[in-house]
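Down below is the structure, laid out as structure tokens.
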Amino acid sequence: MKVTIFGTGYVGLVSGTCLADSGHQVMCMDVDSDKIAKLRQGSIPIYEPGLEPMVVENSKLGNLRFTSDAAEAVNFADLIFIAVGTPPDEDGSADLKYVLSVASEVGRLMTTPKTVITKSTVPVGTSDKVREALQIQLDARSSGLKVDIASNPEFLKEGAAVNDFMKPDRIVVGTDSATVRKHLTELYAPFNRNSDRMIFMDIRAAELTKYAANAMLATKISFMNEIANLAELLGADIEQVRHGIGSDPRIGYQFIYPGIGYGGSCFPKDVQALERTGREHGMQMNILQAVESVNNLQKQRIVDLIKRHYQGDIKGRTFAMWGLSFKPKTDDMREAPSRVIMEALWQAGAIVQAYDPEAMQEVERLYGQRSDLRLVGTRDAALVGADALIVCTEWQHFRAANFDWLAETLADKVIFDGRNVYDPETVSAAGLTYYAIGRGASLRK
């Protein structure tokens, strides 16, 4: 099948590449001509494991094409996906200007009937606005061309997006058209062979499903962080609690790891947007307000521990930081807890000496050259001359640390672990003071 995808961010590029890899003919459209030029050369703008070789291979095969010409993109295929960004507006609502701009362009340029499918995360009712934007353009040129509208939300985790697309646990499609149902069943057939993962529903239900899924996962994280903070006060070890509740299949182990809060491009934005949607309809979303509040406070948790340890005096101290991205296997710094921690340390007069396998270029883009920020090339280099270590992101190669060497290297022999990566007793046995999230004061040296 022929498919056009507007947008070459995480969702658009991963979706387009995976569809091309299954044998479909895909054209990805972006208004950023420099980005398109780099994609044509095989250089991708994001870090996502496994994606770059697939882009290169499918480009060579001719299955995957890139363009900044909207007319070419619209007329390439009858199935058109909208996968552009929906950044949060000042009031927390999703900004739909890019989505509706694409819809208008399609209506202005289409010369044959189309199916327009929204894959961007959008508030309930957006498909109606997409239909309206399309129809305005068709009416302006007295065109009777038919357009079907559908919602097909994505469920891709950064760092595992390729696998999530290739081996989905569900494929949600919102449509009221039997024709669209037939076409999308055919489109997703390569990913739906072992068992039927297609879930068809009303368009509005599909739009709400995406927000509800992310809000539920964010809720689990904030709930566990709040329990971790209580465990700290009670002298209990939250890791033991986590095992105790995670063994219940009704709860499970996913998304109950306590830490310094969630970040990224989805959870913060989607929780705010869903809460805003409730307010627009006269409903106060009490749970979602609490989820966001807990998360914002949790990002300060390590800062509070640092200030408590140093009795508020951290001016001139150097903190090694392992991990900057909001999660492993990505270079995404959007809403990353590390940003809150670094900015608080800088405000207090401290220096940050940081290493991340993928995100340092993005950090440099965000903060530029600063005398109180040193980006170094290895995890060990971050420790040289440091007073203490902060673990912000649980990258795999931070997990096995030489604690005896850390005790010799860190001037103040202290670790602030925002991801509960280490065993408190092992760290303490090396002569280090260890602060984690909800591990219990009695476990600290």
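Take the residues in region 361-387 that are hydrophobic (A, V, I, L, M, F, W, C) and assigned to a strand (DSSP E or B); name whichever of them is surrounded by the most Cβ atoms within 10 Å (Cβ to Cβ).
Only one residue fits best here, namely 375.
Which residues, counting only those in region 388-407, are over 23 Å from residue 261 (Cα atoms), in a helix (DSSP H, G or I) and of a type outside the set (Gly, Ala, Ser)?
Answer for region 388-407, where residues must be over 23 Å from residue 261 (Cα atoms), in a helix (DSSP H, G or I) and of a type outside the set (Gly, Ala, Ser): 403, 404, 405, 406.
Take the residues of region 141-170 that are of a type in the set (Val, Ile, Thr) and open to solvent by 10 Å² or more (accessible area, probe 1.4 Å): which is farthest from the chain's Cα centre (by Cα)?
147
Scanning region 182-231 for residues that are hydroxyl-bearing (Ser, Thr, Tyr) and open to solvent by less than 50 Å² (accessible area, probe 1.4 Å), which turns out nearest to residue 296 (Cα to Cα)?
Within region 182-231, the match that is nearest to residue 296 (Cα to Cα) is 222.
Which residue pairs have Cβ atoms under 8 Å apart, sit 6 or more places apart or on different chains, and have a first residue in region 279-290 that is part of a helix (DSSP H, G or I) and a second that is among the aliphatic types (A, V, I, L, M)?
Partner pairs satisfying both residue conditions: 279/285; 288/215; 288/271; 288/274.
Quick one: which of 106, 122, 116, 55 is hydrophobic (A, V, I, L, M, F, W, C), open to solvent by less than 50 Å² (accessible area, probe 1.4 Å) and assigned to a loop (DSSP other than H, G, I, E, B)?
Exactly one of 106, 122, 116, 55 is hydrophobic (A, V, I, L, M, F, W, C), open to solvent by less than 50 Å² (accessible area, probe 1.4 Å) and assigned to a loop (DSSP other than H, G, I, E, B), namely 122.
Do you know which residues across region 36-52 are open to solvent by less than 60 Å² (accessible area, probe 1.4 Å) and within 24 Å of residue 163 (Cβ to Cβ)?
Those that are open to solvent by less than 60 Å² (accessible area, probe 1.4 Å) and within 24 Å of residue 163 (Cβ to Cβ): 39, 42, 43, 44, 46, 48, 49, 50, 51.
Conditions tested, residue by residue: (1) more than 30 Å from residue 386 (Cβ to Cβ); (2) open to solvent by 60 Å² or more (accessible area, probe 1.4 Å); (3) within 19 Å of the chain's Cα centre (by Cα).
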{"site": "243", "(1), (2), (3)": "yes, yes, no"}
{"site": "255", "(1), (2), (3)": "yes, yes, yes"}
{"site": "268", "(1), (2), (3)": "no, no, yes"}
{"site": "274", "(1), (2), (3)": "yes, no, yes"}
{"site": "283", "(1), (2), (3)": "yes, yes, no"}
{"site": "289", "(1), (2), (3)": "yes, yes, no"}
{"site": "296", "(1), (2), (3)": "no, yes, yes"}
{"site": "315", "(1), (2), (3)": "no, yes, no"}
{"site": "318", "(1), (2), (3)": "no, no, no"}
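Any chance region 300-307 includes a residue that's open to solvent by 50 Å² or more (accessible area, probe 1.4 Å), free of Cβ contacts under 8 Å to residues at least 40 places away in the same chain and either β-branched (Val, Ile, Thr) or out of contact with any Leu (no Cβ under 7 Å at 6 or more places or on another chain) (or both)?
yes
What are the residue pairs meeting all of these: first residue in region 419-434, first residue without any contact (Cβ under 8 Å) to a residue 60 or more places away in the chain and surrounded by fewer than 18 Cβ atoms within 10 Å (Cβ to Cβ), second residue assigned to a helix (DSSP H, G or I) and not aromatic (Phe, Trp, Tyr), Cβ atoms under 6 Å, and 6 or more apart or on different chains?
Close Cβ pairs (under 6 Å, with a partner that is assigned to a helix (DSSP H, G or I) and not aromatic (Phe, Trp, Tyr)) amount to 431/407.
Scanning region 26-55 for residues that are aliphatic (A, V, I, L, M) and within 20 Å of residue 330 (Cβ to Cβ), which turns out modelled with the lowest pLDDT?
Result: 46.
Picking from 399, 370, which residue would you name as being among the basic types (Lys, Arg) and more than 21 Å from residue 347 (Cβ to Cβ)?
The match here is 399.
The values are calculated or read from the model by the stated rules, or taken from the named source; none is laboratory data. Everything numeric in this text was worked out from a predicted model, so none of it was measured. Heads up, the Cβs are rebuilt from the backbone with ideal geometry, glycines too, and the neighbour counts pull from every protein chain shown. Side chains included, ligands, DNA and RNA excluded: accessible areas come from the protein's heavy atoms. Shrake-Rupley method; radii C 1.70, N 1.55, O 1.52, S 1.80 Å.
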